[in-house]
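Okay, structure first, notes after.
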Amino acid sequence: MQQYKATAMAHPNIAFIKYWGNRDDELRLPANPSLSMNLGDLYTTTTVAFDEMLEQDEVTIDDQPADEAARARVSGHLNLVRDRAGLRGVSARVVSRNNFPIGVGIASSASGFAALTAAACAAAGLDLTERELSALARRGSGSASRSMPGGYTEWLMGRGNASSFARSVAPAGHWDLRDVVVVVSREHKAVGSSRGHGMAVSSSLHAARVTAASAMLDACKRALLARDLAAMGALIEQDAVMMHAVMMTSRPPLYYWTPETMAVIQAVQSWRADGVTVYFTIDAGPNVHLICEAAAATEVQARAHALPGVLDILVSGPGGPARLVEGHLF
Ligand code: PMV
């Protein structure tokens with residue numbers, strides 16, 4: 001029995017300028033560029049073993065067999081690797097573990113597909129560049145492209161498959177920011193992001209957001225490089241609300257916010273009036289990410305804890321790139 005095995009780890013990321021909508025759904029080419037921070041305290045570790053004796057791909061996530069939809073998505077992604085490596089017909093055993101709860105508004109698909117891509121390529125004997133790995137991870141989940149390079153990363157729209165990848169704009173050590181994730185719901189979202197991206201064009205606000213996105217990203221990147229949280233915070237709040245306005249005006253509409261989401265937004269505004277420098281952003285769900293400098297994180301966390309309806313709080317600083325690790329999960 002011949003086996004080719006590798007293990008990789010990757011961090012999820014939080015987008016400051018969001019990706020919402022594709023110009024090519026099959027290739028996951030985004031409608032707009034995006035900018036994010038890897039979350040270094042959170043990670044997914046994945047082992048991939050190609051095994052000629054296996055009849056079909058076997059996928060385990062957090063010690064549970066993956067449901068059929070998840071298994072099919074992983075298999076589809078592995079096919080891209082198999083095609084490139086000449087391994088068509090060779091199935092794989094995939095074991096993946098997260099050190100954070102899934103379904104709490106942290107994109108486990110970003111770290112999941114970045115770790116899967118890095119491990120599968122190494123196991124298949126492919127020696128790809130970071131750009132090639134990022135473009136490949138993008139095919140599994142768009143935001144996974146941003147989890148491949150380290151620190152603060154920018155995903156370029158590109159002209160086609162090979163040129164739409166993410167690159168680092170600053171290392172993790174550039175700025176000691178915190179993402180304080182305020183969990184107000186643990187319910188599995190009814191409409192996942194893959195379906196949501198397809199609905200974006202049905203909103204008449206989508207084109208306006210896409211038109212504004214590149215200039216917003218450039219301004220946000222300048223503020224990030226200058227470590228100017230007030231300038232960056234205003235932009236990330238504006239972009240998150242613009243994205244949710246697109247979602248809410250899609251046909252059918254997508255309402256991810258709950259009353260608790262709005263309560264956190266209003267609390268953040270009043271905390272700023274008290275002199276606490278903190279800004280919010282929200283992904284495709286009701287939970288709110290609070291972005292602040294490390295020195296303010298304890299205060300922000302304490303204030304968030306005191307809000308009604310808060311179920312949990314997770315905190316992470318910036319993180320490095322996806323990487324291969326020693327040892328396997330099975
Ligand atoms: O990578 P996906 O398909 O899970 O989409 C991510 C979408 C948002 O989290 C809402 C925004 C982003 O850029 O991460």
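The values are calculated or read from the model by the stated rules, or taken from the named source; none is laboratory data. Because the structure is predicted, anything quoted here is derived from the model rather than measured. Here the Cβ positions follow ideal geometry from the backbone for every residue, glycine too, while neighbour counts run over all protein chains shown. Surface areas here come from the heavy atoms of the whole protein model, side chains and all, with no ligands, DNA or RNA. Shrake-Rupley method; radii C 1.70, N 1.55, O 1.52, S 1.80 Å.
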In nm, what is the difference between 0.36 nm times the number of residues separating Q266 and E187 and their Cα-Cα distance?
26.2 nm
Within region 1-42, what whole-number % of the accessible surface is contributed by carbon and sulfur, with the 1.4 Å probe and all protein chains included in the calculation?
41
What number results when the radius of gyration of the chain, computed over Cα atoms, is divided by 2.2 N^0.38 Å?
0.97
Please calculate how many Å² of accessible area the chain carries per residue, with a 1.4 Å probe and no DNA, RNA or ligand atoms counted.
41
Looking only at Cα atoms, what is the convex hull volume of region 101-154 per residue, in Å³?
83
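May I ask you to derive the relative contact order of the chain, considering only C-alpha pairs under 8 Å and at least 6 residues apart, and to give it as an integer percent?
Details: 747 pairs, mean separation 84.4, N = 330.
Rounded, it is 26 percent for the chain.
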Highest to lowest packing among 78-90, 143-155, scored as the average C-beta count within 10 Å:
143-155, 78-90
K189: which lysines have alpha carbons under 22 Å from its alpha carbon, excluding same-chain residues fewer than 8 sequence positions away?
K18
How large is the helix-only mean residue ellipticity at 222 nm for the chain, computed as the sum of -39500 (n - 2.57) over DSSP H runs with n ≥ 4, divided by its residue count, in deg cm²/dmol to the nearest 500?
-11500 deg cm²/dmol
Which one of S111, G86, Q56 is farthest out on the positive end of the charge dipole of region 1-132, using unit charges on Cβ (Lys, Arg +1; Asp, Glu -1) and the Cα centre as origin?
S111
Separation in nanometres of the label points that stand 7 Å from Cα toward Cβ, at H174 and D62
3.1
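In what sequence, highest mean first, do 124-135, 275-286, 319-330, 30-41 appear when ranked by Cβ atoms within 10 angstrom?
Per-residue Cβ counts within 10 Å, averaged per peptide and sorted highest first, yield 30-41, 275-286, 124-135, 319-330.
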Based on the mean of other Cβ atoms within 10 Å per residue, sort peptides 299-310, 17-28 so the most packed one is first.
17-28, 299-310
With +1 on each Lys and Arg Cβ and -1 on each Asp and Glu Cβ, how big is the dipole of the chain about its Cα centre, in debye rounded to the nearest 20?
740
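How would region 185-262 be classified by its alpha-carbon gyration tensor: rounded, prolate or oblate, with rounded meaning a/c under 1.5 and the a/b versus b/c comparison settling the rest?
Verdict is oblate for region 185-262.
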Taking every pair of distinct Cα atoms and averaging 1/r, then inverting, what Kirkwood hydrodynamic radius in Å comes out for region 183-330?
17.1
